[in-house]
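The values are calculated or read from the model by the stated rules, or taken from the named source; none is laboratory data. Values in this document were obtained by computation on a predicted structure and should not be read as measured data. Backbone-built Cβ (ideal geometry, glycine too); neighbour counts: all protein chains shown. When the accessible area is computed, the model is the full protein with side chains, heavy atoms only, and any ligands, DNA or RNA have been set aside. Shrake-Rupley method; radii C 1.70, N 1.55, O 1.52, S 1.80 Å.
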Amino acid sequence: MLRALILKRSHPSSLHHHHLLKPLTSSTSTATTTATTPRRPFCTTTTTTPTPIASSTTSELRKYLGYTALVLFCGVATYYSFPFPENAKHKKAQFFRYAPLPDDLHTVSNWSGTHEVQTRVFHQPENLQQLEYVVKEAHKAKTRIRPVGSGLSPNGIGLSRAGMVNLALMDKVLEVDKGKKTVRVEAGIRVQQLVDGIKDSGLTLQNFASIREQQIGGIVQVGAHGTGARLPPIDEQVISMKLVTPAKGTIEVSKEKDPELFYLARCGLGALGVVAEVTIQCVERQELVEHTTVSNVKEIKKNHKKLLSENKHVKYLHIPYTDTVVVVTCNPVSKWRGPPKFTPKYSSDEAIQHVRDLYKESLQKYRKITTESPDSNEPDINEFSFTELRDKLLAMDPLNKDYVIKINQAEAEFWRKSEGYRVGWSDEILGFDCGGQQWVSETCFPAGTLAKPSMKDLEFIEDLKQLIEKQDIPAPAPIEQRWTARSKSPMSPASSSGEDDIFSWVGIIMYLPTMDARQRKEITEEFFHYRHLTQAQLWDRYSAYEHWAKIEVPKDKEELAALQARLRKRFPVDAYNKARRELDPNMILSNNKLEKLFQSSDTV
């Protein structure tokens, strides 16, 4: 599944995202359009008194001339207004026509299409020297250039209308040390590129998030994570970084060089400097065996401690409105026994057939298409993956709770028929097909230690599922639950001074399976209602804090003030803001989201 930063030129031509703008060039000019109204013709009249017959004739003539003018006016307006050109999705009004945006204006969107900005300033430097120049010039001019990666963050944390800098062209593996098992890379390299680039050296990353399209700079800066109670979030894999800062130029930080700033900047949200290079601690490349089983809450409670301690990677997929818990474990293939020998009870085709049947049944019920008049553009149903089928099913009636329950039950059955083993390299196995565009809220909270789990993680899920059922929330599956060890980065949601502490990460979701604006708006409103209920009833009770790539800034002033106060209880906001003022006094690397989350008087 490819998720990437969406960069669109308003110009009709289609350009590869690597070449949207020449490096080091940006336009800050503005374009305005003016509408002029035609002057009414000057009319003269005479003082002679017409006869009644002449007056009646003149009146009739004027009436028909008026009708003719009206018809011509409507025709001209229609001709110049419709149909809209393909490149006029975003329109500025001109007289009798809709115009595409200027050629130098770019639309930048996150993958889910939930956050979008338009900017004339989008830098893509090709090397460190060009990046340093971009930052230096922006600092002088006090113009913002917010660092943005692949645009995968559901909340668009890297977006800024004022301007952005993207390191997609800085994507090289710079150095591999097989002895120390380290790799130094440019921060714009994507996870999959990095893995492919070091596999011949017998190395790989210690852990992975669900997908592989993130830029390394981005995945580190937002505190992303994989799963495994013995494995920390991805920022803990970083052993040194090179930052290009507005005030102090290019600096290198590590455990040995300025450790305080190093730990703060590892999860610095892109506001302490543009991460140019990263040195990562790797591990030996190895094959994993993935085991998927279906269980229930009662059995999970009995085996929870064992599952966490005996498996290198483990995650649970909870299915709302059912007792189903899908357990996915991953461990290195045994050097002595080799991969397990297992014959699945169902083929992959048999496992998904009942979902296809539900799809056909739903098509008939909702009358999207009929078997008598199929849509010629509709792909063969047998070509759809499970997540594609789920999206198409949800698109028919996404907020109908009873219908969503039926889809969730079909998903539970799909997993029951998909139990078994899968063997592959870690970068192949640890991924997860999350489905299509979506709203996500993911929280992180303490769950005891590996030796003594608090069981709060399972209590959280029980309370969450009860809340869903009590409030009749049309919650689709899955509720994904993962674990990590602690992080020493103070801005990480999993930060802790306790060496043995473990944290649970729980994500709730609502899919956006349609491009219909009205339907997406309704889903969005329902999702934020869902999220608000979990926040009000669960977050404080379990000391849960949202993932930085998924936190949303409330519009209500009182809610925002409460969020700001809450963040101060968990994170060193004052120390973070102090470092921002020292490294970026003009806040050129910031955006409105960060300014609202971390109040600072020094704004551009």
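Scanning segment 195-207 for residues that are free of Cβ contacts under 8 Å to residues at least 40 places away in the same chain and either under 20 Å from GLY228 (Cβ atoms) or out of contact with any strand residue (DSSP E or B) (no Cβ under 7 Å at 6 or more places or on another chain) (or both) gives ASP196, ASP200.
Of ILE407, ILE502, ILE473, ILE468, all but one fail to be in contact with a strand residue (DSSP E or B) (Cβ under 7 Å, 6 or more places away or on another chain), open to solvent by less than 40 Å² (accessible area, probe 1.4 Å) and not acidic (Asp, Glu); the exception is ILE502.
Within segment 238-260, if we keep just the residues that are assigned to a loop (DSSP other than H, G, I, E, B) and either in contact with an Asp or Glu (Cβ under 8 Å, 6 or more places away or on another chain) or at positive phi (or both), the residue that is most open to solvent (accessible area, probe 1.4 Å) turns out to be LYS248. Scanning segment 440-452 for residues that are open to solvent by less than 20 Å² (accessible area, probe 1.4 Å) and either in contact with a helix residue (DSSP H, G or I) (Cβ under 8 Å, 6 or more places away or on another chain) or not in a strand (DSSP E or B) (or both) gives SER441, THR443, PHE445, ALA447. Evaluated against (1) modelled with pLDDT of 95 or more; (2) of a type outside the set (A, V, I, L, M, F, W, C); (3) more than 27 Å from the chain's Cα centre (by Cα), PRO339 falls short on exactly one condition, (1). The residues listed here are VAL183, VAL135, VAL165, VAL148; of these, the one that is out of contact with any helix residue (DSSP H, G or I) (no Cβ under 9 Å at 6 or more places or on another chain), of a type in the set (Val, Ile, Thr) and buried (at least 24 other Cβ atoms within 10 Å of the Cβ) is VAL135.
In this structure, GLU526 does not satisfy being open to solvent by 60 Å² or more (accessible area, probe 1.4 Å), closer than 20 Å to GLY436 by Cα and in contact (Cβ under 8 Å) with a residue 12 or more places away in the chain. If you filter segment 306-322 down to residues that are under 29 Å from the mean Cα position of the chain (by Cα) and open to solvent by 40 Å² or more (accessible area, probe 1.4 Å), you find that the one that is farthest from PRO474 (Cα to Cα) is LYS312. For segment 494-513, the criterion of a residue being in a helix (DSSP H, G or I) and free of Cβ contacts under 8 Å to residues at least 12 places away in the same chain is satisfied by no position.
Can you tell me which residue within segment 210-237, out of those that are crowded, with 23+ Cβ neighbours inside 10 Å, in a loop (DSSP other than H, G, I, E, B) and in contact with a Gly (Cβ under 7 Å, 6 or more places away or on another chain), is modelled with the highest pLDDT? Only one residue fits best here, namely PRO233.
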